[in-house]
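S.K.: Structure provided below as structure tokens; questions to follow.
The values are calculated or read from the model by the stated rules, or taken from the named source; none is laboratory data. Quantities reported herein were computed from a predicted structural model and do not represent experimental measurements. Glycine also receives a Cβ, built like all others from the backbone with ideal geometry; neighbour counts cover every protein chain displayed. To get the accessible areas, we keep the full protein, side chains included, count just its heavy atoms, and leave off ligands, DNA and RNA. Shrake-Rupley method; radii C 1.70, N 1.55, O 1.52, S 1.80 Å.
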Amino acid sequence: MLRDLISDKTACFADGVHTELRAQTNLTRGVSMMNGNLTGNVRNENTGVSARVYADGVYGFSSTAEYSDEAVKAVLKAASENAAFMAAHAGKNKSMLPALPCGSVSTAYDLNDPEQRTYIDFAKALDAYIEAHCPKLLARVISVRADSMEKRIAVSNGCHSHSVMPRSYVYVFMTAATPEGKPVELYEVMGGYGTFDQNFKDVSDCYEAVDRLYLRILEKACGVYAEAGEKTVILGGILPGMLAHEAVGHTVEADLVLGGSVAGYNLNKQVASELVSLTDYAHTAFGSKVPLPIYVDDEGTKAEDALIIEKGILRGYMNNRESAEHFGVSPCGNARAYLFSDEPLIRMRNTCILPGTSKLEEMIASVEDGYYFLDTNNGQADTTGEFMFGVTGGYEIKNGKLGRPILDTTISGVAFEMLKTVDMVSDEVVWASSGMCGKKQPMPVGMGGPALRCKVTVGGK
């Protein structure tokens, strides 16, 4: 556990000056195997401390990889000097940011860190099961991953926070051949919030998911190409979450709004069907903990849910303290930093489209000629909301029934136009949290949503 060397340093904070002090440790553990051969073996640790001071509308920042009493005092001194320098040369003649009392928050616990052999043995055992029970594969890849972010934060608003965010996942990739001999691939991700020993008590816990993936890859190998053009589709699985994050979420981050994002022109306007609502959740959604809960952000702001879209109307943005002051709203705790040496940026936490009232079976039955898309391997969008996602798994829908599996294709559109075509929303949410958002710094994020019936452009073959 990260020692507390910062709580008593608040006495060193300058009076009336917003100051943030953060100590942080990032752990990364990983093992990869391909066809039974160990191809990756990673074990990293990154620890340090940083300070940030606000003066005259600009920040002074300093960090060091040393973590000691002397180092903490040194970064505080350097950050104050940097703030004074920046204010003298690039000051914006702005007053201090308003105080936002937060108090003390602790969500930490003793983080069990298994030795590397644990990950290697698990990967070997799972690979042996796949080799024995999935004989028709061209290739198999297993990736075992665990990471954590532990932070101690002391802020001049009185915030004292100690948090740990552990994640652990097992990825299984399978490759099979079409009748023509062309390779096709699918993958499954297991795990989530928690340490590896908590999420994976026994390798047999993964067998059901592996068996399901094997059946699906054999189906896909006999699949057909989707027909290109605008189609009525049901987006299920991870795709609504990807849409919420990539195509909507980034457009409503306040720094990108100020940079010209399409969301800047659409506040309080209709951007989606009235069936669509979207929120960036802090720590709790629908009565349960979200995949990656945040209680305090790295500016010392208490984390609360950020309402983005309400019944089709764009209602707000995600802010840090400075952008919230600019827009005249209260920040909800969206300022996050990945490493101790990073300054906090406006980032998503757990961005999700809210569930509706339709049953998935009813949605499928309502489609005469379309597709049910489930899996994606990538996605990209820009600040206009235009997006393109790769689709790696799904099925035809013919006369209200699932048909043949489809081979890889793409879907594309403009988010705020496509969302207006949503006419059915399922009553169950699917979450995903294994990826990293790559906005200047990597960052663990959660994303989710229910199945959506809508119109999108399908790329075809």
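S.K.: Among the listed residues Y338, Y317, Y371, which satisfies the condition of being aromatic (F, W, Y) and touching a Pro at 6+ places or on another chain (Cβ under 8 Å)? Please lay out each step first, then the result.
M.R.: Details: Y317 fails: touching a Pro at 6+ places or on another chain (Cβ under 8 Å); Y371 fails: touching a Pro at 6+ places or on another chain (Cβ under 8 Å).
Exactly one residue qualifies, and that residue is Y338.
S.K.: Looking only at the stretch 178-216, count every residue that is farther than 20 Å from D127 by Cβ, open to solvent by 50 Å² or more (accessible area, probe 1.4 Å) and among the polar types (S, T, N, Q) and tell me the total.
M.R.: Of the residues in that region, 1 qualify.
S.K.: Condition check: open to solvent by 80 Å² or more (accessible area, probe 1.4 Å), over 20 Å from L2 (Cα atoms) and in a strand (DSSP E or B). Does N41 satisfy that?
M.R.: Details: open to solvent by 80 Å² or more (accessible area, probe 1.4 Å): yes; over 20 Å from L2 (Cα atoms): yes; in a strand (DSSP E or B): yes.
Criteria met by N41.
S.K.: Look through the stretch 75-130, keep the residues that are open to solvent by 70 Å² or more (accessible area, probe 1.4 Å), under 21 Å from V155 (Cα atoms) and hydrophobic (A, V, I, L, M, F, W, C), and return whichever of them is modelled with the highest pLDDT.
M.R.: Only one residue tops the list, namely M86.
Residues are listed down the side, and each one gets a yes or a no for (1) open to solvent by less than 50 Å² (accessible area, probe 1.4 Å); (2) within 26 Å of the chain's Cα centre (by Cα); (3) over 30 Å from I120 (Cβ atoms):
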position: V155; (1), (2), (3): yes, yes, yes
position: C159; (1), (2), (3): yes, yes, yes
position: A176; (1), (2), (3): yes, no, no
position: A221; (1), (2), (3): yes, no, yes
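S.K.: Considering A51, A23, A55, which residue is within 19 Å of A335 (Cα to Cα) and out of contact with any strand residue (DSSP E or B) (no Cβ under 6 Å at 6 or more places or on another chain)? Step through it out loud before you land on a result.
M.R.: On the way: A51 fails: out of contact with any strand residue (DSSP E or B) (no Cβ under 6 Å at 6 or more places or on another chain); A23 fails: out of contact with any strand residue (DSSP E or B) (no Cβ under 6 Å at 6 or more places or on another chain).
None of the others qualify; the one that does is A55.
S.K.: Here is a further query. Which number in (1) exposed (fewer than 14 other Cβ atoms within 10 Å of the Cβ); (2) of a type in the set (V, I, T); (3) assigned to a helix (DSSP H, G or I) marks the one condition that V72 misses?
M.R.: (1)
S.K.: Using beta carbons and a limit of 9 Å, which pairs, at least six apart or on different chains, have the first residue in the stretch 442-461 and within 11 Å of C352 (Cα to Cα) and assigned to a strand (DSSP E or B) and the second one open to solvent by less than 10 Å² (accessible area, probe 1.4 Å) and among the charged types (D, E, K, R)?
M.R.: Between residues of the stretch 442-461 that are within 11 Å of C352 (Cα to Cα) and assigned to a strand (DSSP E or B) and residues that are open to solvent by less than 10 Å² (accessible area, probe 1.4 Å) and among the charged types (D, E, K, R), the close pairs are G446/R349.
S.K.: Only one of Y338, Y371 is of a type in the set (S, T, Y), modelled with pLDDT of 95 or more and not in a loop (DSSP other than H, G, I, E, B). Can you tell me which? Outline the logic, then answer.
M.R.: On the way: Y338 fails: not in a loop (DSSP other than H, G, I, E, B).
Y371 is the lone residue from the list that is of a type in the set (S, T, Y), modelled with pLDDT of 95 or more and not in a loop (DSSP other than H, G, I, E, B).
S.K.: What is the number of the single condition among (1) closer than 21 Å to V445 by Cβ; (2) over 20 Å from the mean Cα position of the chain (by Cα); (3) of a type in the set (D, E, K, R) that E253 does not meet?
M.R.: E253 satisfies all of (1) closer than 21 Å to V445 by Cβ; (2) over 20 Å from the mean Cα position of the chain (by Cα); (3) of a type in the set (D, E, K, R) except (2).
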